[in-house]
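Notes follow the structure.
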Amino acid sequence: MPRVIHCDDTSSCELGECIDALHEKGFNPWEEDSLLGAARWLRRLNNNREFLADLMVEELKRGPESSKVPGDYGPQTIMLSALGSEFYLRANLWPSRDEHMFRASGHSAFSYELPHDHNFDFLTVGYFGPGYASDYYEYDYEAVAGVVGEKANLRFVERATLSPGKLMHYRAHRDVHSQLPPESLSVSLNIMHAGGAQGWLDQYRFDVENDVIAGVVSSGGSEIFLRMAVGLGGEEARDLAHHFAGSHPSDRMRLVALEAQAGVLDGAAQDALWRAAECSGSRLIAREATRRRAALELA
């Protein structure tokens, strides 16, 4: 499960101080000193019991003017620092089942009961409220190819709550959790790592009852663009998809390129495409190609 970090620092800091310190010292989760340094600054920010309310009040006072800054706020997430570096800070709101936003939007809007891992490391601390609970699992990312329906070999660890002040390190490609609504509205503060390779690393959702990979939840803009370009037609788009399918450094992108091509082919041509892909040399593509061919036979 995520590593619990014990940090007894009782001092507090302002949001700007925390951001400046992280820019100066960095947040490299694979380096213990850097990880613990970032955790200490998150603890200090968490000790400031007024900064988040003050920030919210200022936004409310701005009224419609606040909507002119795109991407700052979402229904669940409040961005606390700018994007564009190797980290960013955010506050996440976790509604209980009794909250109107939960009743109106349902549990899936807040990723509740969605077992998943992360393709990035992050630190989190319980800032307000009793905190959400999670069923925690671990798995070996390197041992799976990423095929839908593939055995995940999840190891259940425990159910635990992100209680007030609890500070944790979620480890990329290792920790899996299925979050449950808190007893009342809660807030967590996060420092998220945002390395350049993140967009090419898979993040999975799992079917824990059957212990299998249920899907990929980390598709990026490039994948969507490629699917749309091929679907809308055009020889250049088809040529690009063919090129990506054969030589892109990301196996996931190669698979997307094959899917985009298959989407505009008839059944026989799709089978030929996937038959050739079975010899691609990639575990992911070969096993997905076999699965797609089997689905075509059943259609």
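The values are calculated or read from the model by the stated rules, or taken from the named source; none is laboratory data. Every value quoted in this text rests on a predicted model; they were computed, and no experiment measured them. Every residue, glycine among them, receives a Cβ derived from its backbone with ideal geometry; neighbour counts consider all protein chains shown. For the accessible areas, the whole protein counts, side chains as well, though only heavy atoms, and no ligand, DNA or RNA atoms are used. Shrake-Rupley method; radii C 1.70, N 1.55, O 1.52, S 1.80 Å.
Values computed for the structure shown
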{"quantity": "Residue selected from the range 158-176 under the condition in a strand (DSSP E or B) and in contact with an Asp or Glu (Cβ under 6 Å, 6 or more places away or on another chain), by the criterion farthest from Ala39 (Cα to Cα)", "calculated": "Arg159"}
{"quantity": "Residue in the range 159-171 that is of a type outside the set (Val, Ile, Thr), within 13 Å of the chain's Cα centre (by Cα) and surrounded by 15 or more Cβ atoms within 10 Å (Cβ to Cβ) present", "calculated": "yes"}
{"quantity": "Residue check for Asp9: farther than 15 Å from Met192 by Cβ, out of contact with any strand residue (DSSP E or B) (no Cβ under 8 Å at 6 or more places or on another chain), without any contact (Cβ under 8 Å) to a residue 12 or more places away in the chain and surrounded by fewer than 21 Cβ atoms within 10 Å (Cβ to Cβ)", "calculated": "no"}
{"quantity": "Which numbered condition Ala145 misses (of (1) more than 18 Å from the chain's Cα centre (by Cα); (2) more than 30 Å from Arg283 (Cβ to Cβ))", "calculated": "(2)"}
{"quantity": "Close pairs (7 angstrom Cβ cut-off, 6 or more residues apart or separate chains): over 13 Å from Gly126 (Cβ atoms) and polar (S, T, N, Q) in the range 174-196, in a strand (DSSP E or B) and open to solvent by 10 Å² or more (accessible area, probe 1.4 Å) anywhere", "calculated": "Ser178/Asp135"}
{"quantity": "Leu258 being surrounded by 14 or more Cβ atoms within 10 Å (Cβ to Cβ) and within 17 Å of Arg227 (Cα to Cα)", "calculated": "yes"}
